[in-house]
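Working notes, structure below.
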Amino acid sequence: MGRLQGKTAIVTGGARGMGEATVRIMVEEGAKVVIADVLDEPGQALAKELAPATVFVHMDVTSADDWRGAVAAAAQLGSLSVLVNNAAIVMQKTIMETTEEDFMHIVRINQLGVFLGMQAVFEALKASGGGSIINVSSIDGLQSKNSLTAYSATKWAVRGMTKAAALEMGKYNIRVNSVHPGGIYTAMHGAEFMSREDADGFYKNHALPRVGLPQEVAAVTAFLASDEASYSTGSEFIADGGWNAGLVEDALPQL
Ligand SMILES: NC(=O)c1ccc[n+]([C@@H]2O[C@H](COP(=O)([O-])OP(=O)(O)OC[C@H]3O[C@@H](n4cnc5c(N)ncnc54)[C@H](O)[C@@H]3O)[C@@H](O)[C@H]2O)c1
């Protein structure tokens, strides 16, 4: 029996990238999944491939109405007990290039979207006797980089909101954790125009000197969704090839 047998989940941004990998592993582990995304074509194709375990719902995470639709779709599949707040966009602009509109645009999707999601599923998770919310933050929710002021602000916010929500929801047996991927080979990382080999090159001084794969993060998310993580809440789970540990210094002795 799969680790997620009997569970119903919503995965935002589930049409491609890490969201798609998360949907696939969750279905393999026995879950039913609502694939929620603004990208209709790949989302519908994935839902068709994995039917009847999945349905696709067009949703923009910034819309409370769309959230209500996703929760209603989940109720058709089963008793909702897992939310993966994965949808996000990235923006690489210096602080001086970032307009107020840019800043608020990314805050609405990456930050408000996660907030609305946690609000939208609370009653359903409570009615299910508990559940697991997994908020996808980033290595940039632990540290940051030049050009990521706005993105990083949202990813630190996700990490912070995760802790507050964990403290509020724990008494209902709802766990809330954040996942922090490093560089992962998806469209957000330029996978559509960059080879794996070129992507690996960015990470030559990392403990694991290669780019990460979407399924390597999805595996962490699936663990958090499962009952195996029953005593983990309010915590950060990092899958970054060791990025947050530091960098290998070429000038210093090495093994
Ligand atoms: N790829 C990386 O290197 C990396 C590193 C750290 C963290 N992350 C995080 O991992 C998560 C997944 O990223 P990915 O690399 O798979 O990116 P991706 O761009 O491949 O996928 C993101 C998905 O989110 C969807 N989306 C965007 N805006 C939306 C909205 N308003 N409503 C609903 N869906 C929306 C997109 O359509 C897409 O399907 C994101 O939270 C991202 O910030 C990615």
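Only the coordinates and a few stated rules stand behind these numbers; no lab work does. Remember, predicted model here, so these are calculated numbers, not experimental data. Cβ atoms come from the backbone with ideal geometry, glycine included; neighbour counts cover every protein chain shown.
Points worth noting:
- Relative protection proxy for 19-27, 121-129, 155-163, from highest mean packing down: 19-27, 155-163, 121-129 (other beta-carbon atoms within 10 angstrom).
- For region 81-215: relative contact order, % (alpha-carbon pairs under 8 angstrom, 6 or more apart): 25
- If the segment from GLU28 to LEU208 were pulled out straight at 0.36 nm per residue, it would be longer than the present Cα-Cα gap by 62.1 nm.
- Binned Cα-Cα distance frequencies in the chain - 10 Å width, integer %: 8, 32, 37, 18, 5, 1
- Computed over the chain, the per-residue total of -39500 (n - 2.57) for DSSP H runs of n ≥ 4 gives a 222 nm mean residue ellipticity of -12000 deg cm²/dmol, rounded to 500.
- Additional length obtainable on full extension of the chain from GLU197 to ALA245, 0.36 nm per residue less Cα span: 15.0 nm
- Panel order for HIS189, HIS206, by other beta carbons found within 10 Å of each beta carbon, from fewest to most: HIS189, HIS206.
- Fewest-first ranking of SER232, SER81, using other Cβ atoms within 10 Å as the exposure measure: SER232, SER81
- Note on region 99-208: Rg/Rh from C-alpha atoms, Kirkwood Rh, equals 1.05.
- Footprinting exposure proxy ranking of ASP240, ASP102, fewest other C-beta atoms within 10 angstrom first, gives ASP102, ASP240.
- Inter-centroid distance (Cα atoms) of region 80-149 relative to region 1-16, Å: 19
- Here the contact order of the chain, divided by its residue count and restricted to Cα pairs under 8 Å and six or more residues apart, works out to 18 percent.
- Of the GluC sites (Glu not before Pro) found in region 203-255, those in coil by DSSP whose Cβ has at most 12 other Cβ atoms within 10 Å are GLU249.
- Comparing PRO42, GLY17, THR54 along the charge dipole axis of region 1-103, the residue lying farthest to the positive side is THR54, per the Cβ-charge model.
- Potential extension, PHE115-GLN254 segment - 0.36 nm per residue separation minus Cα distance: 45.6 nm
- Contact order relative to length of region 30-72, as percent, for alpha carbon pairs under 8 angstrom and 6 or more apart: 38
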